[in-house]
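The values are calculated or read from the model by the stated rules, or taken from the named source; none is laboratory data. All figures in this text were calculated on a predicted structure; none of them were measured in a lab. Glycine also receives a Cβ, built like all others from the backbone with ideal geometry; neighbour counts cover every protein chain displayed.
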Amino acid sequence: MMTKTIKISEKTHKLLSELASKNETFNDVIDFLINYYYENEEFSDEQAEIYNNDIERFENGNLENVSEVTLKDLEKRISKLERELKK
């Protein structure tokens, strides 16, 4: 394995040290964080583009496929999602 030297701040060094167990290297921690990011990324680039296009259309006054949601309905949806996340 070829190694590279990277510059990090003292703060980042401290945070990496806190995240690493005694048996882990900084490389292990960074690999874990990168994998975690990709596995938990909210949207793919394609999805983000679709959503951004929808937002742009909405901002330009195109209300096609737009539905109204009451605050009560939104609270119900949030509660349902919170329950599902706790499972």
_Members of region 1-18 that are free of Cβ contacts under 8 Å to residues at least 12 places away in the same chain and surrounded by 10 or more Cβ atoms within 10 Å (Cβ to Cβ)_ = ILE8, THR12, HIS13, LYS14, LEU15, SER17
*asked:* Any residue at all in region 60-77 that's modelled with pLDDT under 90, closer than 30 Å to LEU19 by Cβ, part of a loop (DSSP other than H, G, I, E, B) and out of contact with any Ser or Thr (no Cβ under 6 Å at 6 or more places or on another chain)?
replied: no
*Hey, could you check region 21-55 for residues that are in a loop (DSSP other than H, G, I, E, B) and modelled with pLDDT of 90 or more and say which is surrounded by the fewest Cβ atoms within 10 Å (Cβ to Cβ)?*
ASN23
